[in-house]
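Participant: Structure incoming, see below.
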Amino acid sequence: MSQDSTKPRSRRGMIIAIFALIVAAGGIFAYTRGDNLMAMMGHDGAGMHMGMHAQHHGADGTGHDEVNMPGLRGENASARESEELAIMFRNFETLSREVTELPNGIRTVTKSSDEAVMAALASHVSGMIGRVENKDDPKIFIQSPTLDIFFARGDKIHSEIDVNDEGIVVVQTSDDPEVVAAMHTHAAEVSAMAERGMQAVHEMMMKRAGN
């Protein structure tokens, strides 16, 4: 699926590439089936739409539930979207990510060494960019407040997405300085989650609680 990265794929071409990834990873949900699963469920720029709007408590209300991950559900999110997040969180060790801050936005390159995780990632990135464009906030329970401005001002964000040998390449730009600042902040949040998984979410929640 290599192609000149200076020529981003059309949205149709990108969707075809993502579909091919998902088909190739036919066992994508094998990671997450079992008695403890959520029902089946796909911004940053290129990463996991995760953060900390609310506490990520377990079913008994006494602590964090790392199995069911109820915080990945949302008021306006599908079961499939939540499950894709769970796949990425459970397998964050397979993720690698590079971020370049641009004067007017960001360029991110994210990939996974596992085909199934890569398929979940590709579907998630495409879906979340579409939500931002439509100002359709999924309201994930532990969603970062940094994302609020994206869903409020989605018409001020220009996004290009490409699937090539580098991975999922996303370039997002804006003429709105506040949106650009939020892009830089969220890109760092996503990188932390790709590096440390749910532990990074807990750390950010604690930091926000202390402010």
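Participant: Can you tell me which of 162-172, 132-142, 94-104, 114-124 comes out highest on packing, and rank the rest after it, using the mean Cβ neighbours within 10 Å?
Facilitator: Ranked by mean Cβ neighbours within 10 Å, highest first: 114-124, 162-172, 132-142, 94-104.
Participant: With each label point set 7 Å from Cα along the Cα-Cβ vector, what nm distance links ASN134 and GLU178?
Facilitator: It works out to 2.5 nm between the two label points.
Participant: If you don't mind, there's one more thing I want to ask. Could you give the length gained by full extension between ALA152 and ARG208, i.e. 0.36 nm per residue of separation minus their alpha carbon distance, to one decimal place?
Facilitator: 18.0 nm
Participant: So between GLU101 and SER78, what do we pick up on full extension, going 0.36 nm a residue minus the alpha carbon distance?
Facilitator: Full-extension gain reported as 5.2 nm.
Participant: So what are the ³J(HN,Hα) numbers for the stretch 103-111, from phi and the Karplus equation (6.51, -1.76, 1.60; θ = phi - 60°), rounded to whole Hz, Gly and Pro as x?
Facilitator: x, 10, x, 9, 10, 10, 10, 10, 8
Participant: Going by C-beta contacts inside 10 Å, put MET193, MET198 in order with the fewest on the left.
Facilitator: Fewest-to-most Cβ neighbours within 10 Å comes out as MET198, MET193.
All of the numbers you see were taken from the coordinates with simple rules; none came from a lab. Keep in mind the model is a prediction, meaning the values are calculated, not measured. Methodologically, a virtual Cβ is constructed for each residue, glycine included, from the backbone with ideal geometry; neighbour enumeration extends over all protein chains shown.
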